Structure formats: C-alpha cells, structure tokens
Amino acid sequence: MRMVVPAPLSFNSVNPCTFIHVARDGDSSVRHLCGLRYRGEQTRADDRKGYRINFPSEHDFEGIEHMNLVASQVDRELLVSDLFRRSGMPYPVEWSVNLTFQGTLDPRYAVKEHLYSNFLSRVFGDASDSENFYRAIDPIDDPRAGDLTYFGEDPAEYVPYYEKRSNKEENDYSDIVELCRAFDPAQTPDNVFPDILETLIDVNQWARYLAIQACISNTDGSIKTFSGEDYFLYKVPVT
C-alpha cells in the first residue's frame with residue numbers, strides 16, 4: 001500500500017490523503033478524500049508512529065472504513081491476536097504489511113481490525129448492532145475512570161468514562177450501571193454476588209481473558225491491571 005499526503009501531518013488532527021493499493025496481481029486502486037492521523041495516545045510520540053486511515057463510507061477498502069496501522073512490536077501484535085483466536089476468544093483480525101516512507105529503515109506494520117461494526121458482526125453475528133459496545137476511558141486529571149466503580153444510579157455519571165461505540169443516539173447506560181452496581185460490595189452482598197454476576201457476564205470467558213493477559217505479561221492500562229482505560233465491553237444479544 002502507499003499513501004500520498006499533500007501537506008505535513010499535523011500531530012493531533014485528521015489530514016487529507018490519497019490511498020493507493022497495489023494487489024499481488026498488479027492491479028491497483030486509488031481512493032481519494034481519505035483521512036489520515038497518528039494513532040495511539042502514547043505511541044504517537046514514538047519515532048515509528050502508528051496511523052489510522054479513515055475511508056469515505058461510500059468508497060471503503062474491502063469493507064474497511066477505519067484502518068489501524070500498528071508500528072510498535074509488530075511481531076508481538078500478530079502473535080497475540082493469533083493466541084486469542086486459538087483460545088476461542090473475540091480477537092481483532094491482524095495481518096502484516098509493508099508501509100514505506102522516504103528514508104524508512106523498517107517498513108513492517110500490522111493492520112489491526114477496528115473494533116466496531118465489522119468486528120461485532122464477524123464475532124457476534126448480524127444482530128450485533130442492537131446491543132451496547134463500550135470503550136473504557138481514563139480521562140487526564142480526573143480521579144475517576146472506567147474501572148467498573150459504582151458511581152450511583154445516575155447514568156450521566158458514567159458517560160465520561162465509557163465511550164459508546166454503538167447505539168449512541170439511545171444514550172442508554174443502564175447496563176453499565178447494573179454491572180458496576182454488582183461489583184460494589186456495598187450494593188451487592190457477598191452471599192448473592194456469584195449468582196448475580198452469573199446473570200451479567202460470562203465468568204469463564206472473563207477468567208480466560210485475564211489468564212491470557214497474564215500469560216503474555218501485558219502491563220498496559222486495562223481492567224486486567226485495575227486501570228479503567230482501553231478495554232472494551234459488549235453486551236451480547238440474547239438469542
């Protein structure tokens with residue numbers, strides 16, 4: 001793949017670009033009016049930066065509207081994705097690509113599936129958009145975070161810490177409130193906690209997720225490290 005950016009890339013903004021894809025058989029395709037920005041709150045300060053390409057909805061790339069290009073620890077990214085797949089867990093599809101810039105010494109990047117509509121329909125089926133999908137957030141200079149702490153019954157208290165990736169117009173956070181209430185020992189006594197939790201989460205799936213994270217020694221911020229950032233919650237549709 002090749003990208004053409006008409007101006008120097010601004011650090012925190014989406015910049016216009018043209019995306020050119022050359023297939024193995026030599027056929028090429030060009031997509032204008034794409035958007036390009038740096039990816040990652042921390043990794044965008046690295047020498048080798050990750051990128052996000054946004055394609056026009058009417059001219060996506062092989063069904064992809066948002067393409068993540070990961071530059072950090074590419075081999076690890078691919079291995080971890082495959083480990084989750086082999087473990088029967090939800091996982092982002094990833095594959096390696098070469099992305100070359102003038103003066104580039106290491107062209108290896110990983111394309112990482114954007115965790116939204118394509119991911120949900122692939123993993124959970126066609127009815128996936130009917131339920132809520134969240135990304136936990138840890139705002140700067142805010143003692144609170146999306147770490148499943150119970151903030152009371154007012155849904156507005158949870159909005160800054162759980163970014164909705166689906167059903168945004170409904171603005172319904174009742175499932176998050178219910179889940180956080182269950183994890184609060186003042187709201188949920190120990191003697192009923194196991195039974196209530198079984199109705200809200202797949203306990204075995206959560207245990208497998210935490211075991212895999214321990215196996216790969218992942219210390220990045222997430223619920224696995226008691227940090228309320230950069231992990232995702234999805235309410236699976238009842239079938």
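The table below lists the values:
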quantity	calculated
Kirkwood estimate for region 51-108, i.e. one over the average of 1/r between Cα atoms, Å	13.2
13 Å beta-carbon shell around Gln73, net charge (K/R +1, D/E -1)	-2
Zone residues, region 158-186, relative to Asp195, backbone N less than 16 Å from point 7 Å out along Cα-to-Cβ	182
Cα radius of gyration and Dmax for region 38-168 (Å)	17.1, 55
Under 23 Å from Lys164, Cα to Cα: lysines that are on another chain or at least 8 residues apart	Lys112, Lys224, Lys235
Computed label-point distance, nm, for sites Leu79 and Asp172 using a 7 Å Cα→Cβ extension	4.3
Top of Thr188, Thr199, Thr18 by mean-square fluctuation, Gaussian network on the chain, Cα under 10 Å	Thr199
Cα centre as origin, Lys/Arg/Asp/Glu Cβ charges: region 21-180 dipole, Debye	900
Area projected by the alpha carbon convex hull of the chain, averaged over all directions, nm²	15.5
Viscosity 1.567 mPa s, temperature 4 °C, Stokes-Einstein D of region 151-239 from Kirkwood C-alpha radius, µm²/s	88
Accessible surface, the chain, averaged per residue in Å² (probe 1.4 Å)	59
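The values are calculated or read from the model by the stated rules, or taken from the named source; none is laboratory data. Here the structure is a predicted model, which is why all the values come from computation and not from measurement. No Cβ is skipped: glycine too gets one built from the backbone with ideal geometry, and neighbour counts run over all protein chains shown. Ligands, DNA and RNA are stripped out before the accessible areas are found, and what is left, the full protein with its side chains, is counted by its heavy atoms. Shrake-Rupley method; radii C 1.70, N 1.55, O 1.52, S 1.80 Å.
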